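Shown next, in structure tokens, is the structure this report addresses.
The values are calculated or read from the model by the stated rules, or taken from the named source; none is laboratory data. All values reported here derive from a predicted model rather than from experimental measurement. When we count neighbours, we look across all protein chains shown, and the Cβ atoms used for this are built from the backbone with ideal geometry, even at glycine. Just the protein is used for accessible areas: all its heavy atoms, side chains included, with ligands, DNA and RNA removed. Shrake-Rupley method; radii C 1.70, N 1.55, O 1.52, S 1.80 Å.
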Amino acid sequence: IINKKAFSIFLIFDIALFAVYELSKWILRLNKLTYRNTVNYTAYTILILLTLVIILFIIVSLFKCAKSKKEKTLIKFLCVIGIIAAILIIIFSSLFIFIRGVFGHQPEHVVEKDGKMMVARVNSFLQFEVRYYDYINSLVRGSNTRLYEDYGNGGYDTFEREEMPNIQHYIYYDDNGKSNKTTYVH
């Protein structure tokens with residue numbers, strides 16, 4: 001009913017990309033490293049698009065099944081239910097991805113801090129916080145937080161402003177991710 005070869009290629013490529021991505025993340029994690037946002041967003045986008053194409057292949061196949069004069073009524077009904085389920089999956093997944101993207105986005109900035117190149121990861125949803133990680137390269141950063149800074153109420157990215165707000169408190173971490181110095185600024 002659908003182009004099985006194209007469907008198979010998209011499915012195999014989607015599964016292979018997911019497997020390689022997850023395996024590489026696991027290997028990085030073993031070495032106390034992780035991908036930077038650029039790699040994660042690129043991988044997520046490609047995986048989402050491939051999965052969407054696969055779901056569209058399925059919808060087209062189910063639509064052809066539902067329109068077929070050869071199929072029995074029960075099969076046609078099940079095809080229609082499948083189409084509705086696939087469309088609902090697309091709608092709810094899109095909504096979830098949108099909400100996660102809006103509220104979960106944490107921009108990264110390469111900065112010099114305490115004489116070292118570091119990746120500053122900003123969380124500014126409700127509380128403005130910056131976590132600093134070892135800079136490795138444009139694709140990978142350290143996974144252990146080296147320094148945590150709390151600036152109070154959030155809603156903005158301080159690295160995109162002229163002036164830095166006042167730090168309320170900060171915490172330094174050792175190589176194992178254990179806090180070894182907490183300072184509260186009054």
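Spot the failing condition for residue 13; the list is (1) over 18 Å from the mean Cα position of the chain (by Cα); (2) at pLDDT 90 or above; (3) surrounded by 11 or more Cβ atoms within 10 Å (Cβ to Cβ); (4) not in a helix (DSSP H, G or I), and only one is missed.
Every listed condition holds for residue 13 apart from (4).
State whether the residues of the range 50-58 include one that is surrounded by fewer than 11 Cβ atoms within 10 Å (Cβ to Cβ) and either more than 18 Å from the chain's Cα centre (by Cα) or acidic (Asp, Glu) (or both).
The answer is no; no qualifying residue exists.
If I filter the range 94-115 down to residues being surrounded by 10 or more Cβ atoms within 10 Å (Cβ to Cβ) and touching a residue at least 24 places away in the same chain (Cβ under 8 Å), which single residue comes out as nearest to residue 58 (Cα to Cα)?
Ranking the candidates gives 97 first.
For the list (1) open to solvent by 80 Å² or more (accessible area, probe 1.4 Å); (2) assigned to a strand (DSSP E or B); (3) closer than 30 Å to residue 48 by Cα; (4) at pLDDT below 90, I need the number of the one condition that residue 131 fails.
(4)
Given the conditions (1) open to solvent by 30 Å² or more (accessible area, probe 1.4 Å); (2) in contact with a Ser or Thr (Cβ under 9 Å, 6 or more places away or on another chain); (3) closer than 29 Å to residue 50 by Cα, and given that residue 77 satisfies all but one, which numbered condition is not satisfied?
(2)
Looking at the range 31-55, I want the residues that are assigned to a strand (DSSP E or B) and have a partner that is among the small types (Gly, Ala, Ser) and open to solvent by less than 30 Å² (accessible area, probe 1.4 Å) with Cβ atoms under 7 Å, at least 6 apart or on another chain. Which pairs are those?
33/142
Can you report the number of residues in the range 59-92 which are in a helix (DSSP H, G or I) and without any contact (Cβ under 8 Å) to a residue 12 or more places away in the chain?
Looking only at that region, the number is 13.
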